[in-house]
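Working notes, beginning with the structure itself.
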Amino acid sequence: MGDPIPFYSFAPAHQAIRDEVLAAMTSCYDSNWYVLGGQVQQFEAEYARWNGARHAVGVASGLDALHIALKALGIGPGQEVIVASNAYIACWLAIAATGATIVPAEPDPGTCNIDPRAVEQAISPRTAAVMPVHLFGQSCDMQPLLALAERRGIFIVEDNAQAHGARCAGRLTGSMGHINATSFYPTKNLGALGDGGAITTDDDELARFARAFRNYGSEKKYYNEYAGLNSRLDEIQAAVLRIKLKHLAEWNRQREQLAQLYLKNLQGLDGLQLPQIAPDCTHVWHIFVVQCENRDALQDHLAQQGIQTMIHYPVPPHLQKAFAHLGFRQGQFPIAESLARRCLSLPLFPGMTAEQVERVCKAIEASLTGLTG
């Protein structure tokens, strides 16, 4: 059967940069400054430059980044925010935390990203913002969303947690919205050694608000302009992220090579739908997601072969107990529910070998032959 194949392994990438990371952590340790110091300031400048934005503001998590971004725009009760019906629940939680109303819009069933046509249909006089989520590593089709926002006078808040380095019409995700959020959760394309996140924007005033709001609402110590949060990117995490940022292009290149192997070897298999990429959009393959009507049986077969997979995500947000009070019903968002039933995420990580990919593909082919034969 061969050695087990994990869904994700840090070991190959982390081993290659171990000395660099330990040196950066040692330097941070020896500085005796651990909160909002030089490492955070330098990472914010480097990440903003890399992402093509004027400002980056480091915060404690991707969820906090989304929440603060919405607060910076003044979004709250009486307003609506449109978000994908199949997004990770953090997006919904961030909207809920502001008191605004969550308005789900269905995704394109091929790309799994929010459908601009569904967004347009969901707009009402109370719509304040749209939150495009660049799911699984592929940029949303941003051109119609940006045009719609301009036409209707609403804000765009990108969730770029899964798509560091993806582009739409040549523009980097995280640089197109009025204010945007990302996560540096360890498994992200750019991941810390714990939780972390950032806000990106070209707007000086939005950046000023975000910097204050993450720090108890204070720009000057002990003077508080807002009732803010304690949500600051850690100095050691910033030091690690500065090292990892230098390697991100190479890691994304490896992800692309592995994804192309999957696409080549799985092409034409009955019962399997491969990822689709929208025109003018690119994919950085945070997750390689296939769709299969017999998803659970396929997952069980792969597990028996020592191949670990995951499901992103088994329960769509509108059916989670956390949002039962909103009154959404089973069947109300059929595309999101279909994706939750059909999607399976295959192993993919920097340092994964071609032989491992080929083994996964052969196991899938064998399983599907059994399921359909």
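Per the helix-only calculation at 222 nm, which mean residue ellipticity applies to the chain, given -39500 (n - 2.57) for every DSSP H run of n ≥ 4 and division by its residues, nearest 500 deg cm²/dmol?
Details: 12 runs with 153 residues, N = 373.
Computed mean residue ellipticity for the chain: -13000 deg cm²/dmol.
Out of the GluC sites (Glu not before Pro) in region 215-244, which ones are loop residues according to DSSP with at most 15 other C-beta atoms within 10 Å? Numbers along the way, then the final one.
On the way: sites: Glu219, Glu225, Glu235; in loops: Glu225.
For GluC sites (Glu not before Pro) across region 215-244 that sit outside H, G, I, E and B with at most 15 neighbouring Cβ atoms in 10 Å, the list reads Glu225.
What is region 248-372's relative contact order, in percent, from Cα pairs under 8 angstrom and six or more apart in sequence? Working shown, then result.
On the way: 141 pairs, mean separation 47.7, N = 125.
Result for region 248-372 is 38 percent.
Of the listed pairs Lys264/Lys362; Lys188/Lys220; Lys188/Lys246; Lys188/Lys244; Lys71/Lys221, which have alpha-carbon separations greater than 23 Å here? Walk me through the numbers before you get to the answer.
Numbers: Lys264/Lys362 12 Å; Lys188/Lys220 33 Å; Lys188/Lys246 15 Å; Lys188/Lys244 11 Å; Lys71/Lys221 21 Å.
Table pairs above 23 Å Cα-Cα are Lys188/Lys220.
Please give the Cα centre distance for region 258-275 versus region 74-153, rounded to the nearest Å.
The distance from the Cα centre of region 258-275 to that of region 74-153 comes to 29 Å.
With only alpha-carbon pairs counted, each pair once and no self-pairs, how large is the Kirkwood hydrodynamic radius of region 20-154 in angstroms? Could you put the intermediate results ahead of the total?
On the way: mean 1/r = 0.0595 Å⁻¹.
16.8 Å is the Kirkwood radius here.
Could you compute the net charge surrounding Ala90? Neighbours are other residues with a C-beta less than 14 Å from the C-beta of Ala90; K and R count +1, D and E count -1.
On the way: positive: Lys188; negative: Asp64, Glu158, Asp159, Asp195.
Residues close to Ala90 contribute a combined charge of -3.
May I ask you to derive the FRET efficiency for Arg126 and Ala303 from their Cβ-Cβ distance with R0 = 51 Å, giving the value to the nearest 0.05? Please list the in-between numbers first.
On the way: r = 46 Å, r/R0 = 0.90.
After rounding, the FRET efficiency stands at 0.65.
What spacing in nm lies between the two simple spin-label points modelled at Gln332 and Tyr223, each 7 Å away from Cα in the Cβ direction?
4.7
For Arg49 and Asp30, compute 0.36 nm times the residue count separating them, minus their Cα-Cα distance, and round to one decimal in nm.
So the extension gain works out to 4.1 nm.
At most 12 other Cβ atoms within 10 Å and a DSSP loop assignment: could you name the trypsin sites (Lys or Arg not before Pro) in region 195-250 that fit? Numbers along the way, then the final one.
Working: sites: Arg208, Arg211, Arg214, Lys220, Lys221, Arg232, Arg242, Lys244, Lys246; in loops: Arg214, Lys221, Arg232.
Here the sparse-neighbourhood loop sites are Lys221.
Run the numbers on the chain and let me know its relative contact order in percent, using alpha-carbon pairs under 8 Å that are six or more apart.
On the way: 776 pairs, mean separation 82.5, N = 373.
With pairs under 8 Å counted, the relative contact order is 22 percent.
Restricting attention to region 105-191, which trypsin sites (Lys or Arg not before Pro) occupy a DSSP loop and are surrounded by at most 14 other Cβ atoms within 10 Å? Each step should come with its number before you reach the end.
Numbers: sites: Arg117, Arg126, Arg151, Arg152, Arg167, Arg171, Lys188; in loops: Arg126, Lys188.
When the trypsin sites (Lys or Arg not before Pro) of region 105-191 are filtered for loop state and at most 14 Cβ neighbours within 10 Å, Arg126 remain.
Whole-Hz Karplus ³J(HN,Hα) for region 176-185, in order, using 6.51 cos²θ - 1.76 cosθ + 1.60 and θ = phi - 60°, x for Gly and Pro?
Listing the rounded values in order: 9, x, 5, 7, 9, 10, 9, 10, 10, 3 Hz.
Spin-label point model (7 Å from Cα, Cβ direction): what's the Arg341 to Gln260 distance in nm?
According to this spin-label approximation, the distance is 3.6 nm.
So if I place +1 on the C-beta of Lys and Arg and -1 on the C-beta of Asp and Glu, and nothing else carries charge, what would the dipole magnitude of the chain be about its Cα centre? I want it in debye, nearest 20.
Numbers: 30 positive and 36 negative charges, 75 e Å.
The dipole magnitude comes to about 360 debye.
Nearest 5 is fine: what % of DSSP beta bridges in region 11-242 come out antiparallel, could you say? Kindly include the intermediate steps, with their values, before the conclusion.
Details: 16 of 29 bridges.
Counting only bridges with both partners in region 11-242, antiparallel ones make up about 55 percent.
Just so you know, all these numbers are worked out from the coordinates, no wet-lab data involved. Quantities reported herein were computed from a predicted structural model and do not represent experimental measurements. As a convention, Cβ positions derive from the backbone with ideal geometry for all residues, glycine included, and neighbour counts pool all protein chains shown.
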